[in-house]
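Q: Below: one structure in structure tokens.
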Amino acid sequence: MLRILGKVQRIGIITERLSPWDDPALSQVGDRLKAAVGERFRGSLAIRQVDAGSCNGCELEIQALNNPYYGIERFGVHFVASPRHADMLLVTGPVSRHMEEALRRVHAATPDPKLVIAIGDCGANGGEFGVSYACAGPVSKVVPVDAVITGCPPTPLDLMRGILEAIGARKDCRSFVQV
Amino acid sequence: MKRFAWLDAFLGRLVAEDVMVREQPAVPALAPARTISVDADHWGKLGQAAKNWGCRWVACWGEDRGEHFQVHTCFEKDRGYLLARTDVRRLTPILPSHAPYFAAADRAERHLQDLFGIVFGDHPDPRRWIRHQAWKDSEYPLRKDFPLAGHPQPQTPADNDYKFLFAQGSGVYEIPVGPVHASIIEPGHFRFQAVGETVLHLEERLGYVHKGTEKLAEGRDAAGLARLAARVSGDSTVTHGWAACMAMEKAAGLEVPTRALVLRAIMAERERIANHLGDIGAICNDVSFSFAFYQFSRLRELWQRINLEIFGHRLLMDRVIPGGVTVDLVPEAIAAQRAQIRAVRPQLDRLMDIINTSPTVEDRLIGTGKLSHEVAAEFGALGYVGRASGVDLDVRRDSPYAPYDILTVSVPILHGGDVAARVRVRADEIRNSFVLIETLFDKLMPGPTCAPWVPPAPDSHGLGLIEGWRGETLAFVRFADDGRIARYYPRDPSLINWPLLEHLIQENIVPDFPVCNKSVNGSYSGNDL
Ligand code: SF4
């Protein structure tokens, strides 16, 4: 136990104010995200991630949002296990036809109002896979999409910025807060 | 032992058993494999003999060659790869199965059944596998007369009528899980039969992320195939990219500059380290040891940032291209990587020390998800899954491709077969990869990083064999007369390792399924193609 505490103390807090090494505009992304989540979701935005056919590259970067550098939970954003608990769906992949119905059902199970973001070039426009006998293509072909975050895969910072923009762009986000 | 010392005796045995078999002239593009052709009627006997001879089943795939389908099966024994092929008539595509002898062949043959319409008469389990409801059972997407667009319905329905094994008895109940899972991972369905907390039986149902990758490859140019291969499984982008490029380069007879090969190997080892770091942390997270999860995800993030800074992509996607690589290393970039290795090495040791001596972690990992050596060897378990159960395979050492032919690759072998052993093997592999990368820096001589692509001869084909972070990864490529891709088949190690999860979970408790699954970490995308 002492060794664990020792290590914890030595590493200290590494969670970054975002982010001097990338895009100076992003240094405020986190704060703005927190403010938006606070205002529009009462401080808690629940996301359900759905892989609808991805190559798994996008999943790796979404997972990274939970590492201590990005620590997305500090902005009130957390990933939930059931669509029934979610305010937002992050959907990756060209939608494979074998995942089509599962995606529709996840979408139906998510309570309204909800936000859907299509992740990655595949989610946005079909990417390298496009439309075929096996792929239905972009997420928007299967469920209504509010925003896209492109990239192959999008970086964790792209994802945070995209989530923020999606919250900001939806006019009716106020209705997420029940008064 | 000399490679292929067994082959002559094996062929002699086949002839003695009246199997119509002919050894084909050696083709450098298929090295390190040697090729035989066998009569379709005798295909089953070949499988039986290969089993009796102690061969390992590696892969099988098909090609639409017009009048007939050509089926290829790859075996391995004593570091020698044997490619057997046979022709099946298009009008009566019936072939004896190898699944009665090799459990690993089961799903691969069902993949062929669903996509080519080849009937494996004596297959022990002829249920469909890759096909759900996206195309009809009378349609075969990998036949050349099937259009890429297919004939989809406006909405593809759910796949409801798959016949799962069903257990009966007092207190037995069923748990269906997926395809959408609780965490940020890929989709697939797991059907548990359980009593109390104990798993009696697990059946996997995959194919949800079938994206028609093999069909999509057809008609692409070489660069286009490399881009697609890089997305067979995003976590193995260097591995599959390299395997596909190796197959294409061998088919085209293209000499890849040494510097490019060394750079590919550096990236492949970086990919191995990134995935192992992430997974060790995730395994600890699955047993609620979040300290290790945060520490390892911290190391993985730093590792990926160096990928971005130096190679231009956090996962190293599209850095491997036909003929070479798109990146080069300046001395400062090498120094930065050396410094990172020096910094991470002691941290890894210290963290592994903490994991290995934490009673709570030990309690959950030791003895959990035990895969016996017998089952692992029977299936030909690959990568760390095999190595943790005493299966001593590594293409980098056993059939070394440049630049591994001038390196010493040490392969950690353990015998525990449990989650703890798989974690330890992966930590050892990280350490070994550190050494390999440092050695590779020393081998980096000045020179070009890419050779111009040369159009391959009509109908030329090639084989790529790479040791990815999950294990032995194979790619087969054939070019059409116009220099475009006629056929691409990637065999991800997950195809072999997925069924092992069904074995190692038995008698474990249901709540340990996530940690067992993570300790194997099969790729759904790489399996489903
Ligand atoms: S966008 Fe790129 S990383 Fe994401 S699923 Fe598609 S191919 Fe994979």
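The numbers here are math on the coordinates, done by the rules we state, and not lab data. The structure presented is a predicted model; accordingly, all values stated were derived computationally and were not measured. Here Cβ is always computed from backbone atoms with ideal geometry, including for glycine, and neighbour counts include all displayed protein chains.
Q: Scan segment B:82-183 for chymotrypsin sites (Phe, Trp or Tyr not before Pro) in coil per DSSP, keeping those whose Cβ has at most 12 other Cβ atoms within 10 Å, and list them by number.
A: B:PHE166
Q: Can you give the FRET efficiency to the nearest 0.05 for B:ASP41 and B:VAL411, using r as the Cβ-Cβ distance and R₀ = 41 Å?
A: Plugging the Cβ-Cβ distance into 1/(1 + (r/R0)^6) gives 0.55.
Q: Then there is this: Give me the distance in nm between label points sitting 7 Å out from Cα along the Cα-to-Cβ direction at B:GLU502 and B:ALA480, one decimal.
A: 3.6 nm
Q: Right, something else. How much net charge surrounds B:ILE485 when only other residues with a Cβ under 9 Å from its Cβ are counted (Lys, Arg +1; Asp, Glu -1)? It would help to have the intermediate numbers written out before the result.
A: Numbers: positive: B:ARG220, B:ARG478, B:ARG484, B:ARG487; negative: B:GLU218, B:ASP221.
Taking every other residue near B:ILE485 into account, the sum is +2.
Q: Another one. Looking at chain A, how many pairs of lysines come closer than 28 Å at the Cα, when each pair is eight or more places apart or spans two chains?
A: Eligible lysine pairs with Cα atoms under 28 Å apart amount to 5.
Q: Roughly how many debye, to the nearest 20, is the charge dipole of segment B:7-120 about its Cα centre, given +1 on each Lys and Arg Cβ, -1 on each Asp and Glu Cβ, and no other charges?
A: Dipole size: approximately 220 debye.
Q: Further, regarding this structure: Which FRET efficiency value, to the nearest 0.05, is calculated for B:ASP349 and B:LEU308 with the Förster distance at 22 angstrom and r the Cβ-Cβ distance?
A: The calculated FRET efficiency here is 0.25.
Q: Subtract the Cα-Cα distance of A:GLU39 and A:GLU73 from 0.36 nm times their separation in residues, and report this length gain in nm to one decimal.
A: Gain on extension, A:GLU39 to A:GLU73, equals 10.7 nm.
Q: Sticking with this one: With labels modelled as points extended 7 Å from the Cα through the Cβ direction, what inter-label distance (nm, one decimal) is found for B:ARG227 paired with B:ALA16?
A: Each label point lies 7 Å from its Cα, and together they span 5.5 nm.
Q: If you don't mind, another one. Provide the percentage of antiparallel DSSP beta bridges, counting only those with both residues in chain B; round to the nearest 5.
A: Once the DSSP bridges in chain B are tallied, antiparallel ones form about 90 percent.
Q: Here's something else I'd like to know. Name the longest site-free stretch of chain B, where the excluded sites are GluC sites (Glu not before Pro) in a DSSP loop with no more than 13 other beta-carbon atoms within 10 Å.
A: Numbers: sites that count: B:GLU17, B:GLU67, B:GLU197, B:GLU255, B:GLU507.
For GluC sites (Glu not before Pro) (loop position, at most 13 other Cβ atoms within 10 Å), the longest site-free span of chain B is B:256-506.
Q: Still on this model: Would you work out if segment B:59-199 is rounded, prolate or oblate? Take a ≥ b ≥ c from the square roots of the eigenvalues of the alpha-carbon gyration tensor; rounded if a/c is under 1.5, else prolate when a/b is larger than b/c, oblate otherwise.
A: Values: a/c = 2.14, a/b = 1.41, b/c = 1.52.
Oblate is the answer for segment B:59-199, as a/c is 1.5 or above yet b/c matches or exceeds a/b.
Q: Looking at chain A, do any whole DSSP H helices span at least 15 angstrom along their long axis by alpha carbon and average 0.5 or above on Kyte-Doolittle, and which?
A: In chain A, the long hydrophobic H runs are A:156-169.
Q: Specify the residue with the greatest mean-square fluctuation among A:SER82, A:SER140, A:SER96, computed from a Gaussian network of chain A linking alpha-carbon atoms under 10 Å apart.
A: Evaluated over chain A, the most mobile residue of the options is A:SER82.
Q: Among DSSP beta bridges whose residues both lie in chain A, state the antiparallel percentage, nearest 5. Mind showing how you got there, number by number?
A: Working: 2 of 18 bridges.
Close to 10 percent.
Q: With +1 on the Cβ of every Lys and Arg and -1 on the Cβ of every Asp and Glu, and nothing else charged, how large is the dipole of segment A:42-169 about its Cα centre, in debye rounded to the nearest 20?
A: In total the dipole reaches around 340 debye.
Q: Normalising by the residue count of chain B, find the relative contact order in percent from Cα pairs under 8 Å and 6+ residues apart. Intermediate results must be reported in sequence, preceding the final value.
A: Numbers: 1031 pairs, mean separation 89.1, N = 529.
Relative contact order, chain B: 17 percent.
Q: Hey, another quick one. Report the one residue of B:VAL520, B:VAL454, B:ASN52 whose Cα lies farthest in the direction of the positive end of the charge dipole of chain B (charges on C-beta: Lys and Arg +1, Asp and Glu -1; origin at the Cα centre).
A: B:VAL454
Q: If you don't mind, another one. Which listed residue (A:ALA166, A:SER54, A:PRO138) has the Cα farthest towards the positive end of the charge dipole for chain A, taking +1 on Lys and Arg C-beta and -1 on Asp and Glu C-beta about the Cα centre?
A: Of the options given, the answer is A:ALA166.
Q: Now, a different point. Which ordering of B:TYR384, A:TYR70 is given by a fewest-first count of other beta-carbon atoms within 10 Å?
A: A:TYR70, B:TYR384
Q: Using the Karplus curve 6.51 cos²θ - 1.76 cosθ + 1.60 with θ = phi - 60°, work out ³J(HN,Hα) for each residue of segment B:264-275 in order, rounded to whole Hz, and write x for Gly and Pro.
A: 4, 5, 4, 5, 5, 6, 5, 5, 4, 5, 4, 5
Q: Right, another one. Quick check: pseudo-label points 7 Å beyond the Cα along Cα→Cβ at B:TYR173 and A:LEU2, how many nm apart are they?
A: 4.7 nm
Q: Quick check: residue separation of B:GLU438 and B:HIS68 times 0.36 nm, minus the Cα distance between them. What number comes out in nm?
A: Between B:GLU438 and B:HIS68, full extension yields an extra 128.2 nm.
Q: Determine the relative contact order of segment B:7-120: mean sequence separation of Cα pairs under 8 Å and six or more apart, normalised by residue count, in whole percent. Mind showing how you got there, number by number?
A: Details: 191 pairs, mean separation 26.7, N = 114.
Relative CO of segment B:7-120 lands at 23 percent.
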